[in-house]
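**Student:** Input: one structure, supplied below.
The values are calculated or read from the model by the stated rules, or taken from the named source; none is laboratory data. Since we're looking at a predicted model, the values are computed, not measured. Reconstructed Cβ throughout: ideal geometry from the backbone, glycine too, with neighbour counts over all protein chains shown. When the accessible area is computed, the model is the full protein with side chains, heavy atoms only, and any ligands, DNA or RNA have been set aside. Shrake-Rupley method; radii C 1.70, N 1.55, O 1.52, S 1.80 Å.
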Amino acid sequence: MNSTQILNRAADNIRILAASAVEKAKSGHPGGAMGGADFVNVLYSEFLEYDPKNPKWEGRDRFFLDPGHMSPMLYSVLACSGKYTMEELSQFRQWDSPTPGHPEVDVMRGVENTSGPLGQGHVYGVGAAIAAKFLKARFGEVMSQTIYAYISDGGIQEEISQGAGRLAGHLGLDNLVMFYDSNDIQLSTETKAVTSEDVAMKYTAWGWKVIEINGNDAEAIRAALKEAKAEAKKPTLIIGKTIMGKGARKADGSSFENQCATHGMPLSECGASYAESIKVLGGDPENPFVLFPETVELYAKRAAELEQIVAAKYAAKAEWAKANPELAAKMDFFFSGKTNVNWDAIVQKPGQATRAASATVLATLAKEVENMVVSSADLSNSDKTDGFLKNTKAFTADDFSGAFLQAGVAELTMACVCIGMSLHGGVIPACATFFVFSDYMKPAVRMAALMEQPVKFIWTHDAFRVGEDGPTHEPVEQEAQIRLMEKLKNHKGQNSTLVLRPADVEETTVAWRMAMENTHTPTALILSRQNIVDLPAADRKAEAAKAEKGGYIVTCDGNPDVILVASGSEVATLNEGAALLRAEGIKVRLVSVPSEGLFRSQSAEYQEEVLPKGAKIFGLTAGLPVNLEGLVGANGKVWGLESFGFSAPYKVLDEKLGFTGKNVYEQVKAML
C-alpha cells in the first residue's frame, strides 16, 4: 500500500503540472483540476487496470471524463503514467499539440472520450458499462472490467444526468463507478446560488450506492473505491467534497482556495499568485514541468503491478480461448467492427413505408449481427425498431443476454449511451425516435461526428405526413439541420456524418447496408411514416443499388427537357408528375438523391452526368427549400415547405401543400 505522504506528494505534482499548463497557455481552467488531483492520482496509481503496452486491449478498465475543462488534470495524471511528455504538457492549447483545450479521444494516449459539453461525458461511461455487461453476458470473465466516470457540479446540473442516473440505476450497472467532484463552485457563482438539491438522496432514489467522502483525502478515496469495486448490485456514486483551486495562494501567502475566479483563468490572472501557489505545492515556478522523484517511483511501481495484472488476465484469456475457440473468434470479430450480412437475401414487401422496410432489415440484422444493440426512446412499435426487438429481448438489471435497450423518453441520454457503447468497442449501436425529436439529440450527433463514432441514428416520421399529430410532430427544418453535418468535415477530411433519406423500400435496404458498412462516421437514416409507391424499374432491387453513390438517375427520356430531383417519398411524387409531363411530350429525367453529401463526394464527371450544369432542374422537398437549392442550381426551382406543418390527414396535407403529381406538372410547365 502506498503511503499517504507519497500519494499527497504526487497529487501536488499533478496540481503543479495542471496549473502550469494553464499558466503557460494563458488560457484554461486550473481550479477544478487542482481540486480533483487527489482522486485521479489514487485511481491511476492504485485501481485503474490497463495495459501500457497495448492501450487498445479490449478488457481494460476505462475512465470517462465529463468536465472537459479539467483536461489539465487528465493530461497531467497521464503524464505521470508516461502517456505525455513534459514538453507536450507545456504546449497545452497550442496548434498541433496533443494536449488540446478539451480532451479529444485518443485511446493510444489513454483518452477514452472527447469531452466538453457538460453532462455528456459521464453518459458515455454509462453506455460503456452497458456494452461491458452485454459482452460479459456472452464471453464471461474475460470481459470483466470496471468503468469509471468523473462528473462535476455542472454535469450534475445538466438535465442529461437525470436520464443517465435513472437508466444506470434501473439496469443495476454494478460495473460503473462515478466520482462526483463536489466543490460547491462553478464558473460564475457558488453552486448554492443555483441549486439546493440533495444529490446523494437523488442518486439513492435512482438505485445507486452512494458514498460520501472528503475528496482530497487519499485514504478515504482508496476506501471508497474498494467499497465501490465490491458492490455487486448497483452503480456507485462517490461524492467527494473537494477544494476548488487546492493549493492556490495570494502573493502574501494567504489562501486563494474555493474561489470562482480559479475556475476559468490562469492563477496569475484571477487574483492568485502563480509563483506562491507552485512554491506551496513543492514545485519550482521557474521550472514547473517536472515529475518529482516520489511521483516517478509511485507510477513505476504501478507500471510493475500492471504488468503482473495484465499478464494474469492475458493468461486467463488464453486459457479461455483454448477451451472456447469459437467464442474467442467471435470476440475478435466483434471488436473488428466488421459485419457479415446476407443483404441479397432480404426481401422487401413492395409499396411500404420506409420505416416498415427498415423493420424488415432490422429483423435480419438481429439474427446476423450478433453484436448489434438497438435502442428506442419509448417508440419501438412506431419507429419500427420492434423489427429488431421481436428477434431478441430488452436488457434488464439481471440479464444482458438480449440486445435491445429500452431507453425510455430520453432521446439525448439514449444517443449519448449509444456513443458510449461505440467508444467501448465490440458493439454496434443504433438508436431511434421520431425525426422531429432529433432536436433533442443534436448535441450528441455533433459529438459522435467529432469523435468519428459509427452510431446509427434512425429517425422516422420524416415529414409533415405525420398528419393528424400536427406541427409539434411534423419535421420541417430538421432535414436541413442534419444535412449540414454532411457538409461539415471531420479532422480526417471526411463528411462528418452520412445522411440517408431513402425513396422506397429497396433504397432502404441499400441505405442500411451503407450504414452498416460505414465504420468511420455516424449515419442518419431518415424514414417515412406513410407507405410509398416503389420507383419504376424492371429490377428495382438492382437499380436501387445505385443509391450507394448518394444520387443517381432513376429514369430518363433521352436528352431531357427537365430534371426532377428529390429524396425520400417526394421522389415517388415526382414520378407521378413525370407521367403527366410525358403525356405532353416533355422529356423527363428522374433523380433520387438520398445523400447530397455522398453525391458531392463522387467524381465531377459523375455529378455532371446525373445533374448537368445549366440544366433545368425542379426539386421537391417536404422540408425547407434549402434542402435542394444546392442541387437544382441557378436555373432550377424548388417546391418546399416554408412554414410549420398543420394538423390534418396526410393526404389532405399533400393536396393543400402542393405535394401532388398535378402540382409538380404545373410547376414544371411554368418553369419551362
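**Student:** Scan segment 276-287 and give yes if some residue there is touching a Lys or Arg at 6+ places or on another chain (Cβ under 6 Å) and in a loop (DSSP other than H, G, I, E, B), otherwise no.
**Tutor:** Residues of segment 276-287 touching a Lys or Arg at 6+ places or on another chain (Cβ under 6 Å): 276-277, 280-281.
Right, trim to in a loop (DSSP other than H, G, I, E, B) and you get 281.
Within segment 276-287, one or more residues are touching a Lys or Arg at 6+ places or on another chain (Cβ under 6 Å) and in a loop (DSSP other than H, G, I, E, B).
**Student:** Looking at Glu269, Glu231, can you tell me which residue is under 30 Å from Asp398 (Cα atoms) and surrounded by fewer than 20 Cβ atoms within 10 Å (Cβ to Cβ)?
**Tutor:** Details: Glu269 fails: under 30 Å from Asp398 (Cα atoms).
Going through Glu269, Glu231 in turn, just one is under 30 Å from Asp398 (Cα atoms) and surrounded by fewer than 20 Cβ atoms within 10 Å (Cβ to Cβ): Glu231.
**Student:** Follow-up. Could you tell me which residue of segment 540-568 is nearest to Leu525 (Cα to Cα), considering only residues that are of a type in the set (Asp, Glu) and within 35 Å of the chain's Cα centre (by Cα)?
**Tutor:** From segment 540-568, those of a type in the set (Asp, Glu) are 543, 548, 557, 561; that's our starting set.
Checking the rest, the ones that are also within 35 Å of the chain's Cα centre (by Cα) come to 543, 548.
On the way: Glu543: 20, Glu548: 14 Å.
Across segment 540-568, the extreme among qualifying residues is Glu548.
**Student:** Does segment 225-237 contain at least one residue that is among the acidic types (Asp, Glu) and closer than 30 Å to Gln5 by Cβ?
**Tutor:** Looking for residues that are among the acidic types (Asp, Glu) and closer than 30 Å to Gln5 by Cβ, one finds at least one in segment 225-237, hence yes.
Condition check ((1) touching a helix residue (DSSP H, G or I) at 6+ places or on another chain (Cβ under 9 Å); (2) surrounded by fewer than 17 Cβ atoms within 10 Å (Cβ to Cβ); (3) of a type in the set (A, V, I, L, M, F, W, C); (4) on the phi > 0 side of the Ramachandran plot) across all residues:
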{"residue": "Ala132", "(1), (2), (3), (4)": "yes, no, yes, no"}
{"residue": "Glu141", "(1), (2), (3), (4)": "yes, yes, no, no"}
{"residue": "Ala168", "(1), (2), (3), (4)": "yes, no, yes, no"}
{"residue": "Leu171", "(1), (2), (3), (4)": "yes, no, yes, no"}
{"residue": "Asp181", "(1), (2), (3), (4)": "yes, no, no, no"}
{"residue": "Lys192", "(1), (2), (3), (4)": "no, yes, no, no"}
{"residue": "Ala205", "(1), (2), (3), (4)": "yes, yes, yes, no"}
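**Student:** Please determine, by comparing only the residues of segment 494-510 that are over 14 Å from Lys456 (Cβ atoms) and polar (S, T, N, Q), which one is most open to solvent (accessible area, probe 1.4 Å).
**Tutor:** Gln494
**Student:** Is it fair to say Gln530 is touching a helix residue (DSSP H, G or I) at 6+ places or on another chain (Cβ under 8 Å), open to solvent by 50 Å² or more (accessible area, probe 1.4 Å), closer than 27 Å to Ser643 by Cβ and not charged (D, E, K, R)?
**Tutor:** Considered against the rule, which asks whether it is touching a helix residue (DSSP H, G or I) at 6+ places or on another chain (Cβ under 8 Å), open to solvent by 50 Å² or more (accessible area, probe 1.4 Å), closer than 27 Å to Ser643 by Cβ and not charged (D, E, K, R), Gln530 comes out as no.
**Student:** Next up: Inspect all residues belonging to segment 214-221 and state whether any of them is within 27 Å of the chain's Cα centre (by Cα) and farther than 25 Å from Arg166 by Cα.
**Tutor:** Initially, segment 214-221 is screened for residues within 27 Å of the chain's Cα centre (by Cα), giving none.
So far as segment 214-221 goes, no, none of its residues is within 27 Å of the chain's Cα centre (by Cα) and farther than 25 Å from Arg166 by Cα.
**Student:** While we're here: If I go through segment 87-119 residue by residue, how many of them are under 20 Å from Gly155 (Cβ atoms), open to solvent by less than 10 Å² (accessible area, probe 1.4 Å) and either touching a strand residue (DSSP E or B) at 6+ places or on another chain (Cβ under 6 Å) or not in a loop (DSSP other than H, G, I, E, B) (or both)?
**Tutor:** Qualifying residue count, segment 87-119: 4.
**Student:** I would also like to ask the following. Could you give every pair whose Cβ atoms fall below 8 Å, whose first residue belongs to segment 646-658 and is without any contact (Cβ under 8 Å) to a residue 12 or more places away in the chain, and whose second residue is assigned to a loop (DSSP other than H, G, I, E, B) and open to solvent by 30 Å² or more (accessible area, probe 1.4 Å), counting only separations of at least 6 or pairs across chains?
**Tutor:** Pairs that qualify, where the first residue is without any contact (Cβ under 8 Å) to a residue 12 or more places away in the chain and the partner is assigned to a loop (DSSP other than H, G, I, E, B) and open to solvent by 30 Å² or more (accessible area, probe 1.4 Å), are Lys656/Phe646.
**Student:** Can Leu237 be described as in contact (Cβ under 8 Å) with a residue 12 or more places away in the chain, in contact with a Phe, Trp or Tyr (Cβ under 6 Å, 6 or more places away or on another chain) and not small (Gly, Ala, Ser)?
**Tutor:** On the way: in contact (Cβ under 8 Å) with a residue 12 or more places away in the chain: yes; in contact with a Phe, Trp or Tyr (Cβ under 6 Å, 6 or more places away or on another chain): yes; not small (Gly, Ala, Ser): yes.
So Leu237 passes the test.
**Student:** Working only within segment 249-260, note down all residues that are more than 16 Å from Ala18 (Cβ to Cβ) and open to solvent by less than 40 Å² (accessible area, probe 1.4 Å).
**Tutor:** Gly253, Cys260
**Student:** On to the next question. Regarding segment 152-162, can at least one residue be identified that is open to solvent by less than 50 Å² (accessible area, probe 1.4 Å) and in contact with a strand residue (DSSP E or B) (Cβ under 6 Å, 6 or more places away or on another chain)? Let's see the steps before the verdict.
**Tutor:** Kept after step one, since they are open to solvent by less than 50 Å² (accessible area, probe 1.4 Å), are these residues of segment 152-162: 152-156, 160-161.
With in contact with a strand residue (DSSP E or B) (Cβ under 6 Å, 6 or more places away or on another chain) added as a condition, the list becomes 152.
Yes, segment 152-162 contains a residue that is open to solvent by less than 50 Å² (accessible area, probe 1.4 Å) and in contact with a strand residue (DSSP E or B) (Cβ under 6 Å, 6 or more places away or on another chain).
**Student:** Quick test for you: out of Val296, Val310, pick the one residue that is open to solvent by less than 30 Å² (accessible area, probe 1.4 Å), out of contact with any Leu (no Cβ under 9 Å at 6 or more places or on another chain) and assigned to a helix (DSSP H, G or I). Steps first, please.
**Tutor:** Working: Val296 fails: open to solvent by less than 30 Å² (accessible area, probe 1.4 Å).
After ruling out the rest, the residue left standing is Val310.
**Student:** Could you look through segment 611-629, keep only residues that are surrounded by 23 or more Cβ atoms within 10 Å (Cβ to Cβ) and without any contact (Cβ under 8 Å) to a residue 60 or more places away in the chain, and pick out the one that is nearest to Glu642 (Cα to Cα)?
**Tutor:** Pass one, segment 611-629, residues surrounded by 23 or more Cβ atoms within 10 Å (Cβ to Cβ): 617-623, 627-628.
Now restrict to residues that are without any contact (Cβ under 8 Å) to a residue 60 or more places away in the chain: 617-620.
Working: Ile617: 20, Phe618: 17, Gly619: 14, Leu620: 12 Å.
The extreme case among them is Leu620.
**Student:** If Val554 satisfies all but one of (1) out of contact with any Ser or Thr (no Cβ under 7 Å at 6 or more places or on another chain); (2) assigned to a strand (DSSP E or B); (3) farther than 27 Å from Lys442 by Cβ, what's the number of the condition it fails?
**Tutor:** Every condition holds for Val554 apart from (1).
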